[in-house]
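Only one structure is covered here, and it is reproduced in the block below.
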């Protein structure tokens, strides 16, 4: 088994899901008392969140790159960044990195194509929805058209992530809003919806909506284990 390095804390709520899924699935695949060989370096999300909303992406990318190199030095052979938004830093992070960096959008794109879909909605932080670092991979590499919510709904999703989900708060009213927003994306032609924030699966599951849900946390974990156990 290759050692998986996790850059976590963005937020710790979803990082805990990564850790649980990795260990549960290794146990299921290998049986017995097997668990995942992994190393996690976790950040203080208060500081990261502040830099994000101040637009200090260069500083954030330096932090992410240092974390990746630190994990590699500690023995990690595969690096997972346990957040969608901070994949905006992937070009900087992978510079001089020898470990295998697994991009969450690529794991997602492969899953979308495997379902035979070519048009999906994207939910996530405002940064993930409005910047092109994520949608560009889905479109350019996998031929998938990406639809995002209208501005007002993007703000609802963004607010829910930062004010509720990263704190572990699950609101029934927010769930209804997400269902409405996903329904609107479906009316615009989306055949599936990418839960492009690792906290959103805490709120939305497949049974909650009609179109196909792509849980990026789960997909990222599966792709990592496929490499780690190959």
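The values are calculated or read from the model by the stated rules, or taken from the named source; none is laboratory data. Worth saying up front: this structure is predicted, and the values here are computed from it rather than measured. Ideal geometry is used to build each Cβ from the backbone, glycine not excepted, and the neighbour counts take in all protein chains shown.
Before moving on, here are some points about what is shown:
- Condition met for residue 59 (over 23 Å from residue 227 (Cβ atoms) and touching a residue at least 60 places away in the same chain (Cβ under 8 Å)): no
- In this entry, residue 97 passes the filter for residues that are more than 21 Å from residue 19 (Cβ to Cβ) and in a loop (DSSP other than H, G, I, E, B).
- Some residue of the stretch 119-135 being surrounded by fewer than 18 Cβ atoms within 10 Å (Cβ to Cβ) and in contact with a strand residue (DSSP E or B) (Cβ under 6 Å, 6 or more places away or on another chain): yes
- In the stretch 50-62, the residue that is nearest to residue 99 (Cα to Cα) out of those that are surrounded by fewer than 18 Cβ atoms within 10 Å (Cβ to Cβ) and touching a helix residue (DSSP H, G or I) at 6+ places or on another chain (Cβ under 9 Å) is 62.
- Matching residues, the stretch 33-49, being in a helix (DSSP H, G or I) and surrounded by 15 or more Cβ atoms within 10 Å (Cβ to Cβ): 45, 48, 49
- Residue satisfying all of: in the stretch 207-230; part of a loop (DSSP other than H, G, I, E, B) and touching a strand residue (DSSP E or B) at 6+ places or on another chain (Cβ under 9 Å); surrounded by the most Cβ atoms within 10 Å (Cβ to Cβ) among these: 209
- Among the candidates 26, 17, the residue that is within 22 Å of residue 162 (Cα to Cα), surrounded by fewer than 23 Cβ atoms within 10 Å (Cβ to Cβ) and at pLDDT 95 or above is uniquely 17.
- Which listed residue is in a loop (DSSP other than H, G, I, E, B) and touching a residue at least 12 places away in the same chain (Cβ under 8 Å), from 181, 156, 161, 204: 204
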